[in-house]
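What follows is a single structure, and I will ask about it in a moment.
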Amino acid sequence: TMDLWIRTARPALLRVIARSDMLFLNDAEARMLSGEPVLIKAARSVLRMGPRFVVIKKGEHGSMLFERGGRVFALPAFPVERARDPTGAGDSFAGGMLGFLAGRGRRPGPGDLRAAMAHGTVLASFAVESFGPDRFASLSRGDVNARLRTFRSMIAVPQE
């Protein structure tokens, strides 16, 4: 896990981070890596280490995207009625996000990153509904798209 690399191989980890475009961390890892207790300061500190984007996963509280230049985007988690096992949710989020971006076939823009976060969030919500990868075995593209439509309607904020 990332906290192991932070503790045992920090110089090598920092070299890899410096060459990365995007880094995924959970909130505790971001604080540990940066030495900053305030999450937004931690993210900015990690951005100064080299990546263009830092995605901080906050478990049941969602995720945040930080970009060089100061832009921040926060997204809540998808509410599930019965979370059976959180193991793998963060990896499912990252995999869903990166899979979405890879499918675009071009360098992602800010809108692409936000859409990718929504996809990752929806996949993470399926991951917590069962133990291990069981929920994914029965999952269809239609299931994902339906939940994505529901999620988008939940987070839509009308303009005044």
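The values are calculated or read from the model by the stated rules, or taken from the named source; none is laboratory data. None of the values given here were measured: they were computed from a predicted structure. Cβ: placed from backbone, ideal geometry, glycine included. Neighbour counts: every protein chain shown. Ligands, DNA and RNA are stripped out before the accessible areas are found, and what is left, the full protein with its side chains, is counted by its heavy atoms. Shrake-Rupley method; radii C 1.70, N 1.55, O 1.52, S 1.80 Å.
Which residues, taken from the range 39-76, are among the aliphatic types (A, V, I, L, M) and open to solvent by less than 30 Å² (accessible area, probe 1.4 Å)?
Residues of the range 39-76 that are among the aliphatic types (A, V, I, L, M), as a first pass: 39-40, 42-43, 46-47, 49, 54-56, 64-65, 72, 74-75.
LEU39, ALA42, ALA43, VAL46, LEU47, VAL54, VAL55, ILE56, LEU65, LEU75, listed by residue number.
Still on this structure, please answer the following. Just to verify a result, which residue in the range 83-119, among those that are closer than 22 Å to GLY69 by Cβ, of a type in the set (Gly, Ala, Ser) and part of a helix (DSSP H, G or I), is most open to solvent (accessible area, probe 1.4 Å)?
GLY111
In addition: Out of all the residues in the range 120-138, which are open to solvent by 20 Å² or more (accessible area, probe 1.4 Å), of a type in the set (Gly, Ala, Ser) and in a loop (DSSP other than H, G, I, E, B)?
GLY132, SER138
Quick check, is PHE100 aromatic (Phe, Trp, Tyr), without any contact (Cβ under 8 Å) to a residue 60 or more places away in the chain and over 21 Å from ALA30 (Cβ atoms)? Before you say what the answer is, go through the steps one by one.
Details: aromatic (Phe, Trp, Tyr): yes; without any contact (Cβ under 8 Å) to a residue 60 or more places away in the chain: yes; over 21 Å from ALA30 (Cβ atoms): yes.
Criteria met by PHE100.
If you take the residues of the range 1-38 that are hydroxyl-bearing (Ser, Thr, Tyr) and more than 16 Å from the chain's Cα centre (by Cα), which of them is surrounded by the most Cβ atoms within 10 Å (Cβ to Cβ)? Walk me through how you get there before you give the answer.
The initial filter retains those residues of the range 1-38 that are hydroxyl-bearing (Ser, Thr, Tyr), namely 1, 8, 20, 34.
In the following step, the residues that additionally are more than 16 Å from the chain's Cα centre (by Cα) were identified as 8, 34.
Details: THR8: 9, SER34: 22.
Going through the qualifying residues, I end up with SER34.
Regarding VAL16, is this residue aliphatic (A, V, I, L, M) and either in contact (Cβ under 8 Å) with a residue 60 or more places away in the chain or in contact with a strand residue (DSSP E or B) (Cβ under 6 Å, 6 or more places away or on another chain) (or both)? Walk me through how you get there before you give the answer.
On the way: aliphatic (A, V, I, L, M): yes; either in contact (Cβ under 8 Å) with a residue 60 or more places away in the chain or in contact with a strand residue (DSSP E or B) (Cβ under 6 Å, 6 or more places away or on another chain) (or both): no.
Here the answer is no, as VAL16 does not meet what is asked.
Could I ask something else about it? For the range 37-81, which positions are in a loop (DSSP other than H, G, I, E, B) and either in contact with a strand residue (DSSP E or B) (Cβ under 6 Å, 6 or more places away or on another chain) or more than 22 Å from ASP21 (Cβ to Cβ) (or both)?
Applying the first criterion (in a loop (DSSP other than H, G, I, E, B)) to the range 37-81 yields 37-38, 48-52, 58, 62, 68-71, 76-81.
Once the filter is applied, which keeps residues that are in a loop (DSSP other than H, G, I, E, B) and either in contact with a strand residue (DSSP E or B) (Cβ under 6 Å, 6 or more places away or on another chain) or more than 22 Å from ASP21 (Cβ to Cβ) (or both), the range 37-81 yields PRO37, VAL38, PRO51, GLY62, PRO76, ALA77, PHE78, PRO79, VAL80, GLU81.
Across the range 139-159, what is the total count of residues that are more than 15 Å from ALA118 (Cα to Cα) and open to solvent by less than 60 Å² (accessible area, probe 1.4 Å)?
So the answer is 3.
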